[in-house]
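S.K.: First, the structure itself, so that you have it in front of you.
The values are calculated or read from the model by the stated rules, or taken from the named source; none is laboratory data. Keep in mind the model is a prediction, meaning the values are calculated, not measured. Don't worry about glycine lacking a Cβ; one is built from the backbone with ideal geometry, like all the others, and counts go over all protein chains shown.
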Amino acid sequence: MPSLPDPPETLHATDALEWIRRVHAAVDARASAVAAHHGPRLTCRRGCSGCCQDDLTVYTVEAMRIEAEHSDLLREGRPGPAGACAFLDAEGGCRIYASRPYVCRTQGLPLRWLEEGNDWEFVERRDICPLNAEGPAIEALPDDRCWEIGPVEDRLSLAQEALDGGVLERVSLRGLFRSP
């Protein structure tokens, strides 16, 4: 499984595309490993798009990949109807699947994260898509059977900071389309 690459201290547009591709490959490998433990529990498939909501924003570093790999679609295509992700086709499939953002690569998996509780203590939280809830209680799953929220988000944030000097610009997926 590829390791998650650290972002360089400064990231130029020319390097950003290769870096984000490496991140996405590492995320895919890890997400596949987590999904393999869940078999039929995970009902996610082409057309299952309830989690593909409108108004999603991503860091510029991820938007750059979509722009580089789907320039024709962004220039000549139209976004999907408001309310759902702008990149869904009429059958609920993703038109940019190979280039989709990080958050889309882990949808449906059991998730775990830490939240600050009382007295500066951290509390672990877990969640899963209701369509994938059947099966063992997610609270009882070993940690490695869940997607840990935090590490990838931290690297994306550091990469964006290296790219834009700390502005941490986010881009609307719908806003990537050049046509109305």
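S.K.: Filter region 162-179 for residues that are assigned to a loop (DSSP other than H, G, I, E, B) and either buried (at least 18 other Cβ atoms within 10 Å of the Cβ) or of a type in the set (K, R) (or both) and give the result. Full working, then the answer.
M.R.: Going through region 162-179, the residues assigned to a loop (DSSP other than H, G, I, E, B) turn out to be 165-169, 173, 177-179.
Matches in region 162-179: L173, F177, R178.
S.K.: Kindly indicate whether R65 is touching an Asp or Glu at 6+ places or on another chain (Cβ under 7 Å) and among the basic types (K, R).
M.R.: In short, no.
S.K.: Moving on to the next point. Just the residues that are of a type outside the set (V, I, T), out of contact with any Ser or Thr (no Cβ under 8 Å at 6 or more places or on another chain) and more than 18 Å from H70 (Cβ to Cβ), please, taken from region 164-180.
M.R.: Just the residues of region 164-180 that are of a type outside the set (V, I, T), to begin with: 164-166, 168-170, 172-180.
If we keep only those that are out of contact with any Ser or Thr (no Cβ under 8 Å at 6 or more places or on another chain) too, we end up with 165-166, 174-180.
Answer for region 164-180, where residues must be of a type outside the set (V, I, T), out of contact with any Ser or Thr (no Cβ under 8 Å at 6 or more places or on another chain) and more than 18 Å from H70 (Cβ to Cβ): G165, G166.
S.K.: Name the residue, out of E153, E134, that is under 20 Å from R41 (Cα atoms) and either among the charged types (D, E, K, R) or assigned to a helix (DSSP H, G or I) (or both).
M.R.: Only one candidate passes the filter, namely E134.
S.K.: Of the residues A86, A159, A68, A90, which single one is under 19 Å from G50 (Cα atoms), among the small types (G, A, S) and either surrounded by 13 or more Cβ atoms within 10 Å (Cβ to Cβ) or in contact with a helix residue (DSSP H, G or I) (Cβ under 6 Å, 6 or more places away or on another chain) (or both)?
M.R.: Just one listed residue meets the conditions, A86.
S.K.: I need the full set of residues from region 125-142 which are within 25 Å of D28 (Cβ to Cβ), in contact (Cβ under 8 Å) with a residue 12 or more places away in the chain and out of contact with any helix residue (DSSP H, G or I) (no Cβ under 9 Å at 6 or more places or on another chain), in order please.
M.R.: R125, C129, L131, L141
S.K.: Please indicate, with yes or no, whether at least one residue in region 152-172 is closer than 26 Å to G39 by Cβ and either at pLDDT below 95 or not small (G, A, S) (or both). It would help to see each step written out before you state the result.
M.R.: Our first condition is that a residue be closer than 26 Å to G39 by Cβ; within region 152-172, this holds for 152.
Next, from what is left, pick out any that are either at pLDDT below 95 or not small (G, A, S) (or both): 152.
Looking for residues that are closer than 26 Å to G39 by Cβ and either at pLDDT below 95 or not small (G, A, S) (or both), one finds at least one in region 152-172, hence yes.
S.K.: I need every pair where a residue in region 81-104 that is touching a residue at least 24 places away in the same chain (Cβ under 8 Å) and more than 17 Å from M64 (Cβ to Cβ) has its Cβ under 6 Å from the Cβ of a residue that is surrounded by 15 or more Cβ atoms within 10 Å (Cβ to Cβ) and among the aromatic types (F, W, Y), sequence separation at least 6 or different chains.
M.R.: C94/F87; R95/F87
S.K.: Out of the residues in region 1-20 that are part of a helix (DSSP H, G or I) and in contact with a Lys or Arg (Cβ under 7 Å, 6 or more places away or on another chain), which is surrounded by the most Cβ atoms within 10 Å (Cβ to Cβ)?
M.R.: I20
Yes/no matrix, rows are residues, columns are (1) part of a loop (DSSP other than H, G, I, E, B); (2) at pLDDT below 95; (3) within 17 Å of the chain's Cα centre (by Cα):
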residue	(1), (2), (3)
C48	yes, yes, yes
M64	no, no, yes
L74	no, no, no
P81	yes, yes, no
